[in-house]
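Accompanying notes for the structure given below.
The values are calculated or read from the model by the stated rules, or taken from the named source; none is laboratory data. Source: prediction; values computed, not measured. Reconstructed Cβ throughout: ideal geometry from the backbone, glycine too, with neighbour counts over all protein chains shown.
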Amino acid sequence: MKVLTCSTLLTLLSASLLVSVDGCKKKLNDGNEIPDFAFGTFKLKTPTQSIRRAIEAGYRLIDTAAFYANEEEIGKGIRDVIERGIVTRAELFISGKLLNTNHSKEQVIPALKLSLKKLGLEYLDMYLIHSPMATTSEGENICLDYVKTWRGMENAQKLGLARSIGVSNFNSKQINRILTLCDVPPAVNEIEVNPTYPNLALVAYCKVNNIAVMAYSPFGYMVPRRYDLEDYSPPKFNDPYFVKLAHKYGKKTSQIAMRYLIDRNVIPIPRSDNPTHIQENIDVYDFKLTTKEVSTINTYDINTKVYELGFLRNNVFYSFYQS
Ligand SMILES: NC(=O)c1ccc[n+]([C@@H]2O[C@H](COP(=O)([O-])OP(=O)(O)OC[C@H]3O[C@@H](n4cnc5c(N)ncnc54)[C@H](OP(=O)(O)O)[C@@H]3O)[C@@H](O)[C@H]2O)c1
């Protein structure tokens, strides 16, 4: 019998993981499994094409939202890869989000059904309340308790329209209210986590309560953003420490940022229309950062979010004042 050495095994393992992350899954608190790497879809310039490329590159978790207004195009990309036999529906994990304008308990199921229709799907693997802040369709803040919205989410799960349910942009106090007052705990909290906003306290809270964290804007201010920061000059991809780690592991600095999130046990959601970036961002399963390296990157915190959702600041449930 041929004995494989550790290094051969590692080489084989990393080669297979480059093309697919199938099998790298986390167990959710409801017993379902979620892939540990996601593809973001907000502001994609070529949604259908980029989704196709992402799934071909090995992404299995697709983060969508009614708010992104591209569900039809994304559904088209998903159908295309399924029809070509690249993946089956069961191998994909499609996540969606409830609009802030559909927060009454009775609106949840019709809103979810509309998203399913646009995506061309029979069920979502995950449905999230996009934020605890309810508004009218004109964008006016309304005082509608997200606990009532959560009751609608529980009903959607009972009907099998969403296999798992969760929240996004909720702080710990808000999650505590759901844990205390409702029947089903959120399986996920999707929040901003990246080197320039490590969000340590809220991530720790979610872990203690067995709630998986999906990390949005995973590059933080390392990539150009719409608004320049006046008081800070955040680290970019040419930051010397990131460059040092990139040399050490033979990777790109962008890949160090992705691996940092995996090694913190959160699910990165990078978004890209660039074929090379789409490939590179998920090609991070052949190395691991040390605990010390992760801790050093945590110190890059500039305590400034990419998305402050400032237009909702006057909402009674504005969630960003505290973690
Ligand atoms: N729940 C929420 O409230 C919420 C809020 C915000 C975002 N999200 C989710 O999180 C996803 C990601 O967040 P995000 O859109 O802010 O962005 P992000 O992934 O942090 O950054 C996207 C930007 O980074 C660039 N980029 C990607 N990979 C790169 C690489 N390897 N090298 C250099 N540049 C790279 C992209 O440009 P190229 O296209 O040129 O690569 C794009 O300009 C969203 O799409 C959405 O699904 C959720």
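Tabulated data for the structure shown
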{"quantity": "Residue list for the range 307-323, filter: surrounded by fewer than 13 Cβ atoms within 10 Å (Cβ to Cβ) and within 16 Å of the ligand (Cβ to nearest atom)", "calculated": "GLY310, PHE311, ARG313"}
{"quantity": "Leading residue by the ranking (farthest from the ligand (Cβ to nearest atom)) among those in the range 188-206 that are of a type in the set (Val, Ile, Thr) and touching a strand residue (DSSP E or B) at 6+ places or on another chain (Cβ under 8 Å)", "calculated": "VAL203"}
{"quantity": "Members of the range 40-71 found to be within 11 Å of the chain's Cα centre (by Cα) and either closer than 17 Å to THR88 by Cα or more than 9 Å from the ligand (Cβ to nearest atom) (or both), listed by number", "calculated": "LEU61, ILE62"}
{"quantity": "Matching residues in the range 146-179 - criterion: being within 19 Å of TYR318 (Cβ to Cβ), free of Cβ contacts under 8 Å to residues at least 40 places away in the same chain and more than 16 Å from the ligand (Cβ to nearest atom)", "calculated": "VAL147, TRP150, ASN176, ARG177, ILE178"}
{"quantity": "Residue, farthest from the chain's Cα centre (by Cα), within the range 207-220, restricted to residues that are assigned to a helix (DSSP H, G or I) and away from the ligand (no atom under 14 Å from the Cβ)", "calculated": "VAL208"}
{"quantity": "Per-region count, the range 77-115, residues within 17 Å of SER164 (Cβ to Cβ) and of a type in the set (Lys, Arg)", "calculated": "2"}
{"quantity": "Only listed residue being in a loop (DSSP other than H, G, I, E, B), modelled with pLDDT of 95 or more and not basic (Lys, Arg), chosen from ILE51, ILE62, ILE78, ILE86", "calculated": "ILE86"}
{"quantity": "Residues (closer than 22 Å to MET126 by Cα and basic (Lys, Arg)) located in the range 178-236", "calculated": "LYS207"}
{"quantity": "Selection count, the range 231-266, where residues are more than 13 Å from the ligand (Cβ to nearest atom), under 14 Å from LEU289 (Cβ atoms) and aliphatic (A, V, I, L, M)", "calculated": "2"}
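Listed here are the residues, each with its yes/no results for (1) outside any helix (DSSP H, G or I); (2) surrounded by fewer than 18 Cβ atoms within 10 Å (Cβ to Cβ).
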residue	(1), (2)
TYR260	no, no
PHE287	yes, yes
SER295	no, yes
LYS305	yes, no
